[in-house]
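The values are calculated or read from the model by the stated rules, or taken from the named source; none is laboratory data. If you're wondering where the values come from, they're calculated on a predicted model, not measured in any experiment. Counting neighbours? That spans all protein chains shown, and the Cβs are built from the backbone with ideal geometry, glycine included. The area values use the complete protein model at the heavy-atom level, side chains included, leaving out ligands, DNA and RNA. Shrake-Rupley method; radii C 1.70, N 1.55, O 1.52, S 1.80 Å.
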Amino acid sequence: SEVLMSRGVVNKRGVTDTLGEATRGAGASDVEQAINIISACLKYNKLSPANGYDAFDSDEDGKVSFADMRMASSVLDLGIGEDVLEKVYNQMDPEGEGHISREAWYAALAGANAEEVLQSRGIQLEYPANTRGNEESTEAGGAATVSERSRISISTIAAVIQFNNLSVEDAYFAFDVDGDGRLSWQDLEAAADTLQLDIPLEDLKKLFEELDTAQAGYIGKEAWNEMLAGADGSEVLMSRGVVNKRGVTDTLGEATRGAGASDVEQAINIISACLKYNKLSPANGYDAFDSDEDGKVSFADMRMASSVLDLGIGEDVLEKVYNQMDPEGEGHISREAWYAALAGANAEEVLQSRGIQLEYPANTRGNEESTEAGGAATVSERSRISISTIAAVIQFNNLSVEDAYFAFDVDGDGRLSWQDLEAAADTLQLDIPLEDLKKLFEELDTAQAGYIGKEAWNEMLAGADGSEVLMSR
């Protein structure tokens, strides 16, 4: 009883003591009556089926055995005879595994009629405003099954499904991040973050609550299918520049045929286009393609990602792409090889061929302020000043531009990351404002790979003159 009470399960006289009697003669079988009683007890105590399972696990071993069930029934005085309780247990443990699985527990309670039991005792439970029975109407005079906020969230998810050419059922498994066959809150939150769904967290929580009709701690396939079956994401796609509502990746491969590129180049262009459309940097794209999350992109990872995203790249071509990125046969694509391959990709051509024009923030290279009247700048005026300061250091220390790259690469990993640049600027007391240094890094990291490449470094500094800065000092 102490364990049950510690988990918020109380036996208030007049509720569980005679719940069994309250349902006699209601036409339900003894087993159904017993399950209704258990469900009523949980609902009265405001426990979800998931929490109820833990509460009935008297010995806290993570499994509900018959001994656990008997103990809980006795402590709560549910009024269920041991013979009936044994029938309930056997129905929930049909394979005789010695315990009731969570899945069997959820399934049994999902079909229970707790309300009838509670109402027969004169108990009317109050539900918070965000439950399904109290939702705002989505149309004048209409009774909504979900709130207007959730309809917007569903449209956004539907857009992702359409974009990736997934069926509603396939999307359920795609959103089931941990692959346990149940779409939990953790799965939904992780999928929304990975796919950058741009759904406010509170709206996502609201959607989860509304779709988790059984309060089982996960969204069932039936609820998922029902809510998304008739949803249309075309408006969301169009608002993001996708003209053809059939999606982008469904025919991206065809869009580049005959463009003079090899199959491998076409495939890399498609991968790059997919990342750019989803606003993922090559670094984040690498992590996204790492399906098993072991920190490395194997061929199996690549094949899985290509399949889920429906990139339209044949396995033979995908294998060629993989072999090009893993020339040493190490069994995985290194980040460096991934960045290098994507740095030379032509994603824009693929996207434009699908009628998609991506919008870039004001600080990207194409939108920089002009450094001279009427001139088109490759970097901003602020960054030119920063470059002159770095050039001054290079001149002062008699370094070549190439040697300076390695000097600024503080951790010596061969890549000039933001951490390297910030540390070098601090050590050398470059007197460049932090915001200007960040702006410079963004402009030189043209591939958005998380580091400045040697080529970009050499190009920006090759003609820079630090003499004016040196003279001022």
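Tabulated data for the structure shown
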{"read-out": "Long-range amide H partners of LEU416 with built H, under 5 Å", "value": "ILE452"}
{"read-out": "Surrounding net charge for ALA341, when Lys and Arg each add one and Asp and Glu each subtract one, Cβ distance under 13 Å", "value": "-1"}
{"read-out": "J(HN,Hα) series, region 400-409, from Karplus relation 6.51 cos²θ - 1.76 cosθ + 1.60, nearest Hz, glycine and proline x", "value": "7, 4, 5, 5, 5, 4, 6, 5, 7, 7"}
{"read-out": "Accessible area, probe 1.4 Å, largest first, for residues THR389, THR446, THR427", "value": "THR427, THR446, THR389"}
{"read-out": "Cα gyration tensor shape of region 417-473, rounded if a/c is under 1.5, else prolate or oblate by comparing a/b with b/c", "value": "oblate"}
{"read-out": "ILE432 accessible area, assembled protein chains, probe 1.4 Å, Å²", "value": "30 Å²"}
{"read-out": "Amide H within-cut-off set for VAL64, under 5 Å, with H built and near neighbours excluded", "value": "ILE100"}
{"read-out": "FRET efficiency, GLU455 to THR194 (Cβ-Cβ, R0 30 Å, nearest 0.05)", "value": "0.50"}
{"read-out": "Using a Förster distance of 35 Å, the FRET efficiency for LYS63-ASN284 (Cβ separation, nearest 0.05)", "value": "0.30"}
{"read-out": "Heavy-atom accessible surface of region 185-225: percent carbon and sulfur, 1.4 Å", "value": "46 percent"}
{"read-out": "Extended-chain gain in nm, criterion 0.36 nm per residue less alpha-carbon gap, ASN398 and GLU169", "value": "76.1 nm"}
{"read-out": "Portion, in percent, of the accessible area of region 393-443 that falls on carbon or sulfur, probe 1.4 Å", "value": "48 percent"}
{"read-out": "Backbone N under 11 Å from the THR446 label point (7 Å along Cα→Cβ), restricted to region 324-344", "value": "343-344"}
{"read-out": "Rounded percent of accessible protein surface that carbon and sulfur make up, region 27-113, 1.4 Å probe", "value": "44 percent"}
{"read-out": "Karplus 3J(HN,Hα) series, Hz, for region 174-179 with 6.51 cos²θ - 1.76 cosθ + 1.60 (x for Gly, Pro)", "value": "5, 7, 7, 4, 7, x"}
{"read-out": "Cα→Cβ-extended label distance, 7 Å offset, between SER74 and GLN91, nm", "value": "2.3 nm"}
{"read-out": "Karplus-derived 3J(HN,Hα), 6.51/-1.76/1.60, for each residue of region 147-156, Hz, glycine and proline x", "value": "6, 5, 4, 6, 4, 5, 4, 5, 4, 5"}
{"read-out": "Surface accessible to a 1.4 Å probe, LYS454 within the full protein complex, Å²", "value": "100 Å²"}
{"read-out": "Pairwise label distance in nanometres, LYS46 with ASP178, each label 7 Å out on the Cα-Cβ vector", "value": "2.5 nm"}
{"read-out": "Accessible area, probe 1.4 Å, largest first, for residues SER39, SER400", "value": "SER400, SER39"}
{"read-out": "Probe 1.4 Å, protein heavy atoms only - accessible area per residue of region 400-473 in square angstrom", "value": "56 Å²"}
{"read-out": "Accessible surface of ARG303 - all protein chains present, 1.4 Å probe, nearest 10 Å²", "value": "110 Å²"}
{"read-out": "Accessible heavy-atom area order of VAL177, VAL350, VAL168, highest first, probe of 1.4 Å", "value": "VAL177, VAL168, VAL350"}
{"read-out": "Region 41-81 shape via C-alpha gyration tensor axes, a/c threshold 1.5", "value": "oblate"}
{"read-out": "Residue pairs, from the table LYS63/LYS296; LYS279/LYS454; LYS43/LYS87; LYS276/LYS320; LYS205/LYS439; LYS221/LYS276, whose Cα atoms sit over 29 Å apart", "value": "LYS63/LYS296; LYS205/LYS439; LYS221/LYS276"}
{"read-out": "Region 277-345-region 49-84 distance, computed between alpha-carbon centres (Å)", "value": "49 Å"}
